[in-house]
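Note sheet for the following structure.
Coordinate-derived values only; no laboratory data. All values derive from a computational prediction rather than experimental measurement.
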Amino acid sequence: MDMDSKNVGKGLRALVVEDDRAMQMVHKMLLEKYGLEAQVANNGEEAVELHRSGARFDLLLMDKDMPVKDGVNATRELREMGVKSMIVGVTSHEPGAVMDEFIAAGLDECLTKPLGQEVILGFINQLVA
């Protein structure tokens, strides 16, 4: 990893959509480590409301299982609203039917959490490419 990787995501905005406080912190810190401006939404409804009020993000880390509105419905709604951001689904489930439904809602990718720094860096590199 080159010395400048800590600013690789400078100028990018990310939204961590996650109801688990510890996971919020882990993902937010990882994003900020690479220079992204990261914000947290506690559920899918908050994520949708943020977009309705004009907020824009380059990357969304979307948890699947959340109260109020889950990741599947939130992702579907955001895509219907025309949100073009990279949306990465994160779930505690193993890949399978659960993930297929989530991906079908409009995800760019779906992974098991927690996401590691190589994974986060990979997404950032895709966004800045």
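Assorted remarks:
- Working note: Debye formula, equal point scatterers on the alpha-carbon atoms of region 63-118, no solvent; log10 I(q)/I(0) at q = 0.14, 0.16, 0.26 Å⁻¹ is -0.34, -0.44, -1.06.
- Per-residue 3J(HN,Hα) values for region 38-47, derived from phi via the Karplus relation 6.51 cos²θ - 1.76 cosθ + 1.60 with θ = phi - 60°, read 10, 10, 10, 10, 7, 6, x, 5, 4, 5 Hz in sequence order (x marks Gly and Pro).
- Under the Karplus curve 6.51 cos²θ - 1.76 cosθ + 1.60, θ = phi - 60°, whole-Hz ³J(HN,Hα) for region 100-106, x wherever Gly or Pro sits: 4, 5, 5, 4, 4, 6, x
- Spatially proximal aspartates and glutamates relative to LYS64 (Cα-Cα < 15 Å; intrachain offsets below 8 disregarded): GLU18, ASP19, ASP20, GLU45, GLU46, GLU77, GLU94, ASP100, GLU101, ASP108, GLU109
- Backbone HN-Hα couplings from phi across region 77-94 [Karplus 6.51/-1.76/1.60, Hz, Gly and Pro as x]: 5, 4, 5, 5, 7, x, 6, 9, 3, 6, 10, 10, x, 10, 9, 8, 7, 6
- Distances between placed amide hydrogens fall under 5 Å for THR112 paired with THR91, all partners being 5 or more residues away or on another chain.
- Cα gyration tensor category, rounded, prolate or oblate, for region 12-69 with a/c compared to 1.5: oblate
- Region 45-112 versus region 5-32: alpha-carbon centroid distance in Å: 15
- Range of Cα positions in region 29-129 per principal axis (Å), largest first: 34, 30, 23
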